[in-house]
Amino acid sequence: MAGLFITFEGGEGSGKSTQIAALKARLQAAKRSVTQTREPGGTALGEAIRELLQHDDAGQGMSAEAELLLFAASRAQHVRELIEPALATDQIVICDRFLDSTTVYQGVARAIDPHSVATINEFAVGPMLPNLTLLIDLPPEIGLARAHKRSGGQLDRMEQESIKFFHAVRQGYLSLAAAHPERFHVLDGNQSIQSLEEQIWAIVAPHL
Ligand SMILES: Nc1ncnc2c1ncn2[C@@H]1O[C@H](COP(=O)(O)OP(=O)(O)O)[C@@H](O)[C@H]1O
Ligand SMILES: [Mg+2]
């Protein structure tokens, strides 16, 4: 056995949390130890940064550059404190968003110079890249409608962005997946929870 690092990516409401819970249950049924985590967050420092990024009044009006660096700070701590040690003990690490979210949200949708974003991402993670990245692709209108229904209309700072922003996110993800076919799998998010779960299991199982 060896560790396996799986990340989930996709827009708001695409079904990441739902599928992570399903995959975790299947892995545990297969007697594998699973560490489930998320970004921003995953450590005490990361969760404090998450609050700044999503809900704290101090985060209102933050610059795109400050936002990029806060995500990177959360990720740098996450890799060293939680992800690396878990993989070293043969855990399967499932992470809700990782560096690809930064490439797409900050590098594409916020239009920060992609070379700077890539450099900062590399500095934050070192050699720690996912073995598998599952991208759940969905038109943003559908995802946002789901997310609004889930939260009863309460939106975090990122969810308050325009529909144009989320279209840029979607296209950014699809281009990134096409550029890294060795680790990305693109899944159609507009299908039943059950059939998505089966597809994801068919992708993950051969890696166990
Ligand atoms: N395949 C699906 N079809 C319809 N609704 C879904 C599907 N997957 C998830 N949902 C619902 O959509 C909402 C958002 O799903 P969630 O897993 O929280 O998305 P994310 O974590 O990507 O934001 C939840 O209420 C969830 O029950
Ligand atoms: Mg979620």
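Summary table
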quantity	calculated
Hey, Ala86 farther than 13 Å from Phe5 by Cβ and among the hydrophobic types (A, V, I, L, M, F, W, C) or not	no
Qualifying residues in the stretch 1-33 (those that are assigned to a loop (DSSP other than H, G, I, E, B), away from ligand 1 (no atom under 15 Å from the Cβ) and in contact with a strand residue (DSSP E or B) (Cβ under 8 Å, 6 or more places away or on another chain)) - the one nearest to Ala205 (Cα to Cα)	Arg32
Failed condition for Gln36, given (1) under 18 Å from Ala202 (Cβ atoms); (2) within 18 Å of the chain's Cα centre (by Cα)	(1)
Contacts under 8 angstrom Cβ, first residue in the stretch 69-80 being closer than 16 Å to Phe5 by Cα, partner among the acidic types (Asp, Glu), 6 or more apart	Arg75/Glu39; His78/Glu39
Residue match in the stretch 56-77 (condition: within 18 Å of the chain's Cα centre (by Cα), among the basic types (Lys, Arg) and within 16 Å of ligand 2 (Cβ to nearest atom))	no
Any chance Ala145 is farther than 23 Å from His185 by Cβ, touching a residue at least 12 places away in the same chain (Cβ under 8 Å) and crowded, with 19+ Cβ neighbours inside 10 Å	no
Unmet criterion (only one of (1) more than 16 Å from ligand 2 (Cβ to nearest atom); (2) in a helix (DSSP H, G or I); (3) over 27 Å from Pro206 (Cβ atoms)) for Ala86	(3)
Every residue from the stretch 1-46 that is free of Cβ contacts under 8 Å to residues at least 40 places away in the same chain, surrounded by 15 or more Cβ atoms within 10 Å (Cβ to Cβ) and away from ligand 2 (no atom under 13 Å from the Cβ)	Thr43, Leu45, Gly46
Residues within the stretch 34-55 that are modelled with pLDDT of 95 or more, farther than 20 Å from Val104 by Cβ, of a type outside the set (Val, Ile, Thr) and in a loop (DSSP other than H, G, I, E, B), tallied	0
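The values are calculated or read from the model by the stated rules, or taken from the named source; none is laboratory data. All figures in this text were calculated on a predicted structure; none of them were measured in a lab. Quick reminder, even Gly has a Cβ in these numbers, built from the backbone with ideal geometry, and neighbours come from all protein chains shown.
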